[in-house]
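The values are calculated or read from the model by the stated rules, or taken from the named source; none is laboratory data. This structure is a prediction, so every number in the text was calculated from the model and none was measured. Reconstructed Cβ throughout: ideal geometry from the backbone, glycine too, with neighbour counts over all protein chains shown.
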Amino acid sequence: MGASLTEVGSKLAGLMFIWGTIQQLFPYSLRKRIESLWHRVENYFYPYVQITIEEFSNGKINEIYSQVSTYLGSKSVNKDAKFLKVEKSKNSKSFSVSLDEGEEITDEFQGAKLWWRSYMEKLEDNSTGRRPNNSLPMEKKSYTITFNRRHSELVTGKYLKHVMEEGKAIQFQNRKQKIYSNNCSEDWYWYGKGMWRDINFEHPATFDTLAMDPKKKGEIINDLIAFSKGKDYYSKVGKAWKRGYLLYGPPGTGKSTMIAAIANFLNYDIYDLELTSVKDNSGLKKLLMETTSKSIIVIEDIDCSIDLTGKRKKKKKKEKETTSEDQEEDSDSSAEKESENKETGKLTLSGLLNFIDGIWSACGQERIIIFTTNHKDKLDPALIRRGRMDMHIEMSYCRYEAFKVLAKNYLDLETHPLFQQIQGLLEEVNVSPCDVAEHLMLKNASGGPQICLDNLIQALKEAKKKANKDSKEAKGEAKQKSKKINKFSTKLISNFSSLQKLWK
Ligand SMILES: Nc1ncnc2c1ncn2[C@@H]1O[C@H](COP(=O)(O)OP(=O)(O)OP(=O)(O)O)[C@@H](O)[C@H]1O
Ligand SMILES: [Mg+2]
């Protein structure tokens, strides 16, 4: 293709010379006629269009260039390209392949054939030997794409969009995941570094290593898949493309681990939002606006982060002596939210509700919000109602199914004669997966799985004994209490009847 195009090009140059001569010799009307004839001849001999995509456009990085580069790199591996370049940037997980200078590949799209070529031109000023603009690199890189004129609409409409989307998706998959924190000093913000500080996210948790009921796990995975593929659905039903998950349960049951597993499953970044570091509602909004799409915003231990429960409002209203039962229940009313904002000028429940599903919450796409708590009952119902927290996931104590996952992960065991005994004990005792996992850790090489399982059984038996003792004590206390109450009430009744007698 390259050689034939060059030949045609030199022939065209000759014809151009003839056309210049004609322009000088002939009158306007005749020239017009010849011109249209010329275009037909030109299209007949050279029916191609060429588009150039440069690395820099008007002194700024041209985003399309890098996406095209990634796309062509991915295509080139299976094609006939001979000269490729391999690069790895600080922010990518693995290396990326791209076409070397002068290399060509062909691509096909909906029946259209396209020829891509990579160019690099040295940008040296002949007189000084220096680059013309110090802020730009020494070379001008570009790609050209050549295609038949009849495919112009397809290429500019669909094909280039397809190239950009594929390139972007490959770059997204290849990037290093980040975890962002807003818990940074004021200076950080004033140095112009934004409101979030990031580091690479390298948590190894996956859904395979997460110990929980397999049915529940399956439901969560399906929900996440439906969400991540739901772009068209969300736009069809007119909803912002986001989803909220509430993870609740006792300490050590895997809530934080689940967040890491979700992030790894979807390849999303995490924004770990520390509410105690947020000054007011507008600060919260600014933080939201600085988050990116395809990310998870996490608020851990939401019940402890800040007093956002309905109780704070109740307390305030009591102080003002304006409380009424009905008003307390209706914590979601907008008038109430408004007044709360004005009263405090700080971070409020209404600010947080707006953060989750106010108009501003749609400033990015494909976003997940996760709250975790040990005490679901302490949270304001408005905060966790469906639509805000769409799925409530209980992370519970370790039962047999969850134990089997841990045993496989930690000890490579799928079955063992001691499993049956452990199953029985796990039905009777409430222990967190965290505690079970601790006993399954092979602390020294000579230990072996048998010792770990023995240790676990021992610990479970002790926990069972303690639970029995505690419940006996609790029963005893309750008995004592009821005895006291009975005694007190009999005394009260006898006093009352003697009073009655006296009265008579
Ligand atoms: N369901 C689980 N599956 C696998 N590992 C678990 C699970 N639950 C706990 N673990 C292990 O226990 C450790 C603590 O778990 P994690 O931090 O996820 O608990 P948590 O529910 O977030 O606790 P907290 O309420 O105290 O924040 C983790 O490092 C993990 O190794
Ligand atoms: Mg946690």
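Condition check ((1) in contact with a helix residue (DSSP H, G or I) (Cβ under 9 Å, 6 or more places away or on another chain); (2) hydroxyl-bearing (Ser, Thr, Tyr); (3) closer than 14 Å to Lys140 by Cα) across all residues:
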site	(1), (2), (3)
Ile51	yes, no, no
Phe56	yes, no, yes
Lys60	no, no, yes
Glu63	yes, no, no
Ser66	yes, yes, yes
Lys82	no, no, no
Lys85	yes, no, no
Lys93	yes, no, no
Val97	yes, no, no
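Say whether the condition of being modelled with pLDDT under 95, under 25 Å from Pro204 (Cβ atoms) and touching a strand residue (DSSP E or B) at 6+ places or on another chain (Cβ under 6 Å) is met by at least one residue in segment 162-175.
Checked segment 162-175: at least one residue is modelled with pLDDT under 95, under 25 Å from Pro204 (Cβ atoms) and touching a strand residue (DSSP E or B) at 6+ places or on another chain (Cβ under 6 Å).
Any idea how many residues of segment 475-504 are basic (Lys, Arg) and under 60 Å from the mean Cα position of the chain (by Cα)? Give the steps one after another, and end with the answer.
Filtering segment 475-504 for residues basic (Lys, Arg) gives 475, 479, 481, 483-484, 487, 491, 501, 504.
After this cut, where a residue has to be under 60 Å from the mean Cα position of the chain (by Cα) as well, the list is 475, 479, 481, 483-484.
Of the residues in that region, 5 qualify.
I'm trying to understand the selection: among the residues of segment 214-272, which are among the hydroxyl-bearing types (Ser, Thr, Tyr) and either within 13 Å of ligand 2 (Cβ to nearest atom) or surrounded by 18 or more Cβ atoms within 10 Å (Cβ to Cβ) (or both)? Break it down stepwise before answering.
At the first step, the residues of segment 214-272 found to be among the hydroxyl-bearing types (Ser, Thr, Tyr) are 228, 233-235, 245, 248, 253, 256-257, 268, 271.
Within segment 214-272, Tyr245, Tyr248, Thr253, Ser256, Thr257, Tyr268, Tyr271 meet the criteria.
Applying the selection to segment 295-308, what residues are more than 16 Å from ligand 2 (Cβ to nearest atom) and at pLDDT 90 or above? Steps first, please.
First pass over segment 295-308, keeping only residues more than 16 Å from ligand 2 (Cβ to nearest atom): 295, 306-308.
Residue satisfying the conditions is Ser295 alone.
Let's see how each residue does on (1) aliphatic (A, V, I, L, M); (2) within 14 Å of the chain's Cα centre (by Cα):
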{"site": "Lys176", "(1), (2)": "no, yes"}
{"site": "Ile179", "(1), (2)": "yes, yes"}
{"site": "Phe207", "(1), (2)": "no, no"}
{"site": "Asp232", "(1), (2)": "no, no"}
{"site": "Ser235", "(1), (2)": "no, no"}
{"site": "Met258", "(1), (2)": "yes, yes"}
{"site": "Phe265", "(1), (2)": "no, yes"}
{"site": "Asp269", "(1), (2)": "no, yes"}
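Do we have Pro214 as out of contact with any His (no Cβ under 7 Å at 6 or more places or on another chain), of a type outside the set (A, V, I, L, M, F, W, C) and within 25 Å of Lys378 (Cα to Cα) here?
Working: out of contact with any His (no Cβ under 7 Å at 6 or more places or on another chain): yes; of a type outside the set (A, V, I, L, M, F, W, C): yes; within 25 Å of Lys378 (Cα to Cα): no.
The answer is no for Pro214.
Any residue in segment 443-454 that is among the hydrophobic types (A, V, I, L, M, F, W, C), surrounded by fewer than 19 Cβ atoms within 10 Å (Cβ to Cβ) and over 23 Å from Ser256 (Cβ atoms)?
Scanning segment 443-454, I find at least one residue that is among the hydrophobic types (A, V, I, L, M, F, W, C), surrounded by fewer than 19 Cβ atoms within 10 Å (Cβ to Cβ) and over 23 Å from Ser256 (Cβ atoms), so the answer is yes.
What do you reckon, is Ile384 at pLDDT 80 or above and within 16 Å of ligand 2 (Cβ to nearest atom)? Lay out the reasoning, then the answer.
Working: at pLDDT 80 or above: yes; within 16 Å of ligand 2 (Cβ to nearest atom): no.
When the stated conditions are applied, Ile384 does not pass them.
Okay, residues lined up against (1) under 23 Å from Glu428 (Cα atoms); (2) modelled with pLDDT of 80 or more; (3) part of a helix (DSSP H, G or I):
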site: Gln458; (1), (2), (3): yes, yes, yes
site: Glu462; (1), (2), (3): yes, yes, yes
site: Ala467; (1), (2), (3): yes, yes, yes
site: Lys472; (1), (2), (3): yes, no, yes
site: Gln480; (1), (2), (3): no, yes, yes
site: Lys484; (1), (2), (3): no, yes, yes
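Report whether or not Asp454 is within 30 Å of Lys255 (Cβ to Cβ), at pLDDT below 90 and not β-branched (Val, Ile, Thr).
Values: within 30 Å of Lys255 (Cβ to Cβ): yes; at pLDDT below 90: no; not β-branched (Val, Ile, Thr): yes.
Judged against the criteria, Asp454 is not a match.
Which residue, of Lys113, Lys32, Lys60, is basic (Lys, Arg) and closer than 19 Å to Thr146 by Cβ?
Values: Lys32 fails: closer than 19 Å to Thr146 by Cβ; Lys60 fails: closer than 19 Å to Thr146 by Cβ.
Unique residue meeting the criteria: Lys113.
Assess whether Leu383 counts as being more than 21 Å from Ala205 (Cα to Cα) and buried (at least 19 other Cβ atoms within 10 Å of the Cβ).
Numbers: more than 21 Å from Ala205 (Cα to Cα): yes; buried (at least 19 other Cβ atoms within 10 Å of the Cβ): yes.
So Leu383 fits the description; yes.
Select from segment 405-438 the residues that are within 13 Å of ligand 1 (Cβ to nearest atom) and not in a helix (DSSP H, G or I) and write down the one among them that is surrounded by the most Cβ atoms within 10 Å (Cβ to Cβ).
Here the residue is Val431.
I'm told Thr292 meets every condition in (1) β-branched (Val, Ile, Thr); (2) crowded, with 20+ Cβ neighbours inside 10 Å; (3) more than 16 Å from ligand 2 (Cβ to nearest atom) except one. Can you identify the failing condition by its number?
Condition (2) is where Thr292 drops out.
Gln67 fails exactly one of the following numbered conditions: (1) assigned to a strand (DSSP E or B); (2) at pLDDT 80 or above. What is the number of that condition?
(1)
Scan (1) within 11 Å of ligand 1 (Cβ to nearest atom); (2) surrounded by 15 or more Cβ atoms within 10 Å (Cβ to Cβ) for the single condition His375 breaks and write down its number.
That leaves (2) as the condition not met.
Tell me the strands (runs of 3 or more DSSP E) entirely within segment 169-283 that contain at least 2 residues that are touching a residue at least 12 places away in the same chain (Cβ under 8 Å) and within 15 Å of ligand 1 (Cβ to nearest atom).
On the way: elements: 178-181, 197-200, 242-248, 269-272.
In segment 169-283, the matching strands (runs of 3 or more DSSP E) lie at 242-248, 269-272.
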